[in-house]
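A short write-up of the structure that comes next.
All of the numbers you see were taken from the coordinates with simple rules; none came from a lab. None of the values given here were measured: they were computed from a predicted structure. When we count neighbours, we look across all protein chains shown, and the Cβ atoms used for this are built from the backbone with ideal geometry, even at glycine.
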Amino acid sequence: MTTQAPRFWRSIPQRYNLLGTHCNRCNEYFFPPRNLCPNCRRGAHLESHAFKGTGTIITYTTIHNATDDFERLTPYNLAIIQLDEGPKITGQIVSSQEEVKIGMRVRAVFRILGKEGDRGIIYYGTKFAPLIEPGCQEREEKKSDSA
């Protein structure tokens, strides 16, 4: 790998942000970004869109046997998340296995995805963490106080 690789990765905005596209004609959102709306078959109505990064787990699985690059992370959870704007995205959940549930609200977080060897390039990207809705933490604290 060359020393130019990190600069190359930084030049791809959607690698570090949840960027997609929105079609003004049919009002659909897409991730990853599209050059052409698959519904309208046109590109003139597409504009870049930064997703809020919040969504709901619609299904998930726990990975116990992974490739060599991810074996040290096992077991870990991968989920299909429906973003609040509509698109579905696959992402790793940074939470204990017991906490992950279908229907759980999550938010995008920026985390290390991996690295090359002990002194290699570190790869960063998006994972998902449980979303604590306003007021939910207070309710949980009150439950534990009354117990």
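Modelling each spin label as a point 7 Å along the Cα-to-Cβ direction, I'd like the Leu131/Asn17 distance in nm, to one decimal.
2.0 nm
Set the Förster radius R0 to 30 Å, insert the Cβ-Cβ distance between Ile58 and Leu113 as r into 1/(1 + (r/R0)^6), and round the FRET efficiency to 0.05.
Efficiency computed from Cβ-Cβ geometry: 0.85.
Determine the shape class of the stretch 17-111: with a ≥ b ≥ c the square roots of the Cα gyration tensor eigenvalues, call it rounded for a/c under 1.5, and otherwise prolate if a/b is greater than b/c, oblate otherwise.
prolate
Ranking Thr21, Thr56 by Cβ neighbours within 10 Å, fewest first, what do you get?
So the residues, fewest neighbours to most, are Thr56, Thr21.
Want the number for Ile80 to Glu99: 0.36 nm per residue separation, take away the alpha-carbon distance, what's left?
5.3 nm
Among residues other than Cys40 whose Cβ falls under 15 Å from its Cβ, what is the net charge (Lys/Arg +1, Asp/Glu -1)?
+2
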